[in-house]
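Here is the structure we will look at.
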Amino acid sequence: MKSAVTICQVSEAAEGPFVFHTPLPEAFASAAAAGFDAVELFLPDADFVSVEEIQTLSATYKLSIAAVGTGAGMVRHGLSLFDKADAALDFIYQMIDFGGKLNAPAILGSMQGRRPADMTREDAEIRLAENLRKCGERAKQSGVPFIYEPLNRYETNHFNRLADAAEFLDKHNLENVVLLADLFHMNMEETDLPAAIRAAGRHVGHVHYADSNRRAMGLGHTDPTPVIEALREIGFTGFLSAEILPLPDPETAARQTMISICSLISAQ
Ligand code: LER
Ligand code: MN
């Protein structure tokens, strides 16, 4: 398992669960100083910065790119797969292609949107499946997977739990789509975190490593030891990415995350 930390460049998400909000060179330097393997990027759009610039930062600071978020499509441009769907899919494709050039998968989180009141659950599921199929195929062209993230009930009315999302991927034969286990959302929705990870193990491809209160692991009431044990058992070798509030300050949140990860992963 590898460590990653979030960098956000989206002003509308200044209060969001991201550790570093400084300009990219500074944020990469902070991530490297804290000892992370990689960064996860939350950018306004795919034209915000060139692929070459990210490659240079990545090489300079010896940080790979764990993933790229697509949530700015929602928070900045008001798009989702259930609202202005064509523009939303286009935005996601651009982020998939951008990330693909950096060997990084894109994430569908907030951009999955909500099922409208006049749409049945069955129709919404089919629409979501069609879009995930397209995104999985698009990502395949770059040789990366596409990441689908179940969110808590206040953020989506599609899938809130890993097992339901895993069953959905199987039912629709969605290839090249993996699940994101965000421990913050899971704390709200799952009965048992390690059991949920084991049950969906075949599909888990990325982890948002957050404590129960969305602070750095160790600053809330989640016990990460059995969570890491379950991830080890399912053979997870991806990123534990700190998508957390920068509290009490970004450097402390980053340092605390690395203390947690290093204490649990040192045997690897
Ligand atoms: C939103 O709560 C979240 O967890 C993000 O990863 C989705 O964009
Ligand atoms: Mn998340």
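Quick notes on this structure:
- Output for region 138-149, where each listed residue is within 19 Å of the chain's Cα centre (by Cα) and over 23 Å from TYR209 (Cα atoms): ARG138, ALA139, LYS140, SER142, GLY143
- On inspection, VAL49 does not qualify as at pLDDT 95 or above, touching a Pro at 6+ places or on another chain (Cβ under 9 Å), part of a loop (DSSP other than H, G, I, E, B) and not small (Gly, Ala, Ser).
- Some residue of region 91-98 being closer than 20 Å to LEU41 by Cα, in contact (Cβ under 8 Å) with a residue 40 or more places away in the chain, more than 14 Å from ligand 1 (Cβ to nearest atom) and crowded, with 19+ Cβ neighbours inside 10 Å: yes
- Of the residues screened, ALA163 is one that is modelled with pLDDT of 95 or more, more than 16 Å from ligand 1 (Cβ to nearest atom) and farther than 13 Å from GLU149 by Cβ.
- 3 or more residues buried (at least 22 other Cβ atoms within 10 Å of the Cβ): qualifying helices (runs of 4 or more DSSP H) within region 168-264: 183-189, 224-233
- Qualifying residue in region 114-127 (condition: under 17 Å from the mean Cα position of the chain (by Cα) and either surrounded by fewer than 21 Cβ atoms within 10 Å (Cβ to Cβ) or not aliphatic (A, V, I, L, M) (or both)): no
- Taking the numbered list (1) over 21 Å from SER80 (Cα atoms); (2) more than 14 Å from ligand 2 (Cβ to nearest atom); (3) in contact (Cβ under 8 Å) with a residue 24 or more places away in the chain in turn, VAL177 passes all entries but (1).
- Filtered residues of region 46-80 (kept if touching a Gly at 6+ places or on another chain (Cβ under 9 Å), under 16 Å from TYR93 (Cα atoms) and more than 16 Å from ligand 2 (Cβ to nearest atom)): ALA46, LEU79
- Test result for PHE236, within 14 Å of ligand 2 (Cβ to nearest atom), hydrophobic (A, V, I, L, M, F, W, C) and out of contact with any helix residue (DSSP H, G or I) (no Cβ under 7 Å at 6 or more places or on another chain): no
The values are calculated or read from the model by the stated rules, or taken from the named source; none is laboratory data. Fair warning: this is a prediction, and the values are worked out from it, not measured in the lab. Cβ atoms come from the backbone with ideal geometry, glycine included; neighbour counts cover every protein chain shown.
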